[in-house]
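The values are calculated or read from the model by the stated rules, or taken from the named source; none is laboratory data. Small disclaimer: the values here were computed from a predicted structure and weren't measured. Positions of Cβ are generated from backbone atoms using ideal geometry, with glycine treated the same way; all protein chains shown enter the neighbour counts. The area values use the complete protein model at the heavy-atom level, side chains included, leaving out ligands, DNA and RNA. Shrake-Rupley method; radii C 1.70, N 1.55, O 1.52, S 1.80 Å.
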Amino acid sequence: MIRRVDVLFSNKQLLWGLASAVLILMLLPGVFGLGPPHWLSDGPDPATNSEQAQQATDMVIADSAKDAMTGTAADTTSQTTASPAQPAQPTQPTGPIGNDVATKPEPAAEVPPVLVERRFHETIPDSHLGLESTDLKDSFIGIVLPLIIAANDEILTRRIIIRRAASRGDRETLERWADEYGVEIIDQDDDELTRHILLHADVIPVALALTQAAVESGWGMSRFARDGNALFGQWAWRKTAGLKPLDASDDRAVVRSFPHLLGSVRAYMHNLNTHPRYEEFRLRRAALADENEPSRAFALAVYLDGYAEIGDAYVEKLHEVMLSNDFDRFAGARFE
């Protein structure tokens, strides 16, 4: 990985960038030999949502490819930001948020983005397992960082398509996306429904995703990461869905396994973007849309106290790992 100073992109370069993102989205399932993800939550069995996931993914690829080929993506240039447009006013958050922004270190001057090679690991390689200390951490970042960028790029592409559907007055497509993200459809007009969908269909800061992956998988050394491609310790309630922990308090509980590492990253992001437990996380993410990414990553970690049974101690752990490993340096990381 190398650092380069950002330059201003022309419209032509932006189109090429979108076309590259679309190509990655079309190639990734083939590279891993898999179909679209079956999203994980604490709700119904994710297998029942496979048809919806297939339709949503097909819609992303078809519409994005058409935009890239015809050049119509130029009118969405200002919409590729990770933050929702005109987000609904967030409610006063609850929980231990007191100094979520005030106590974090002041962010340094804007860091040139890290450029990442398009190299994807399907599983944790054997070569990773014999490493120690700094070498282990560097190897883990090299494995997981490209997957996080790819999953976030997929979400950014979805946001473009959702906005395009709204601009065309395509209510049917909007309602399909609302269903994909668990957004209740009541009496909203298209603009309001779009705002609600985009509150859910949003990226996860790279530093935060990388931190949780490191904590939950033990830097890729846990049994669940090695044998089940599970980077984020996500629970499932069917014995056949994953690997059983040795000390599970529920006989049905397993750590969900995935056919490849990318599936774990996708499911993790979709879980944060859909599960009711993380509603405050999503509202705060929208409220912090104008913050730089390092500030957002640190602040949003506070809203993940429900991710683990240890609550506030889990948030402290995330902050410690994020800061001690300087994961802020990967804010804005993108493919070469």
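Numbers below:
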item	result
Close pairs (9 angstrom Cβ cut-off, 6 or more residues apart or separate chains): in contact (Cβ under 8 Å) with a residue 40 or more places away in the chain and on the phi > 0 side of the Ramachandran plot in the stretch 178-189, crowded, with 17+ Cβ neighbours inside 10 Å and part of a loop (DSSP other than H, G, I, E, B) anywhere	Gly182/Ser41; Gly182/His275
Residue list for the stretch 126-142, restricted to those being under 14 Å from Leu261 (Cα atoms) and surrounded by fewer than 17 Cβ atoms within 10 Å (Cβ to Cβ)	Gly142
Verdict on Arg266 being open to solvent by 10 Å² or more (accessible area, probe 1.4 Å) and touching a Phe, Trp or Tyr at 6+ places or on another chain (Cβ under 7 Å)	no
Test for Ile186: is it outside any helix (DSSP H, G or I) and either at pLDDT 95 or above or touching a strand residue (DSSP E or B) at 6+ places or on another chain (Cβ under 6 Å) (or both)	no
Failed item, numbered, when Val254 is tested on (1) under 30 Å from Thr240 (Cβ atoms); (2) surrounded by 24 or more Cβ atoms within 10 Å (Cβ to Cβ)	(2)
Selection status of Asp153, of a type outside the set (Lys, Arg), assigned to a helix (DSSP H, G or I), over 28 Å from Phe335 (Cβ atoms) and open to solvent by 10 Å² or more (accessible area, probe 1.4 Å)	no
Total residues in the stretch 304-335, condition of a type in the set (Asp, Glu) and either surrounded by 18 or more Cβ atoms within 10 Å (Cβ to Cβ) or modelled with pLDDT under 95 (or both)	3
Some residue of the stretch 211-227 being modelled with pLDDT under 95, surrounded by fewer than 18 Cβ atoms within 10 Å (Cβ to Cβ) and aliphatic (A, V, I, L, M)	no
Residue match in the stretch 239-249 (condition: hydroxyl-bearing (Ser, Thr, Tyr), assigned to a helix (DSSP H, G or I) and at pLDDT below 95)	yes
